[in-house]
Structure formats: structure tokens, C-alpha cells
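Since every read-out is calculated from the coordinates, none of them should be taken as a lab result. Quick caveat: nothing in here was measured; it's all calculated off a predicted structure. Methodologically, a virtual Cβ is constructed for each residue, glycine included, from the backbone with ideal geometry; neighbour enumeration extends over all protein chains shown.
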Amino acid sequence: FPKCPEIKDKWIDACQNEDALWRPSKDSVVCSRHFTDDCYRQLKRPRRLRMRSVPTLNLPKKIIWEGSLRDMVITDYLKEQREKKQLLQLLEKKIVTEKRSDRRKSYDRKRNRKVKQSTIHEDAKRRK
């Protein structure tokens with residue numbers, strides 16, 4: 001990889017695949033299949049790249065990201081928070097519904113007791 005930061009960044013951009021955080025090591029190289037013939041100086045052997053050459057052939061397919069990595073992380077975080085909030089709201093609704101159901105059952109039980117008691121009381125009166 002070139003030493004010039006500007007050209008090195010172009011090489012990194014050209015060679016990156018889906019790993020947006022990849023950086024070349026000091027031993028990283030790019031083979032000649034990724035350069036056009038006009039990227040080389042007109043010397044016999046060994047072939048040498050021109051100073052401003054950038055790989056353009058047979059490059060990995062790139063995923064086009066909308067926005068920066070930071071934006072994606074923030075978006076994921078916000079989505080997660082929204083999902084948590086929705087889940088909590090569903091749980092709260094379920095709890096409220098269960099409480100109402102319990103109250104209704106309790107009320108029905110009390111009413112049934114009263115009905116049973118009044119029936120027993122009425123039966124007792126009739127027997128007298």
C-alpha cells in the first residue's frame with residue numbers, strides 16, 4: 001500500500017468489501033490483476049506502479065451505506081429503544097387487562113355469594 005495518505009485512502013476505499021472498519025497491515029498488498037496497464041511505468045522488468053495509481057479492476061462488490069457508521073449505530077439504538085418501549089406498553093396493557101379481569105371475577109364471585117345468600121335466606125323464609 002502506498003505511503004501517501006491520500007492515495008492509501010483511495011486504495012483502502014477501492015479494496016474494502018462489507019467490512020467498513022478494515023485497514024491494511026504493513027504487509028498488505030494488492031496484486032496486479034486490480035490495475036490497468038496504464039497504471040504501470042513503461043519500464044522493462046520488474047513492472048512498477050505509477051505514483052498515483054489506484055486499483056480499479058476486479059474489486060469487491062460494495063454495499064452502499066446510507067449515512068455514516070455512527071448514524072447506523074444511533075439508528076439501531078433508537079430502533080431498539082422504540083421496540084423496548086412498545087414491548088413495555090404491551091406488557092402494561094396485559095397487566096391492566098388482567099387486573100380488570102381479576103376484579104370482574106372477584107365482583108362476579110361476590111355477586112354470586114350475595115345471590116346464593118339471598119336465595120338461601122329466601123328459602124329459609126319460605127320454610128317457616
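Can you tell me how the stretch 1-64 classifies by the Cα gyration tensor, rounded, prolate or oblate, using a/c under 1.5 as the rounded cut? The shape class here is prolate.
Among the lysines of the stretch 1-64, pairs at least eight places apart or on separate chains and with Cα atoms under 20 Å apart come to 7. Neighbours of GLU6 by Cβ distance under 12 Å: Lys/Arg scored +1, Asp/Glu scored -1, total +2. Please give the FRET efficiency for LYS8 paired with LYS84, using the beta carbon to beta carbon distance and R0 = 41 Å, rounded to the nearest 0.05. Once the sixth-power term is evaluated, E becomes 0.45.
Projected label points at SER101 and ASP27, each 7 Å from Cα along the beta carbon direction, are separated by 6.4 nanometres.
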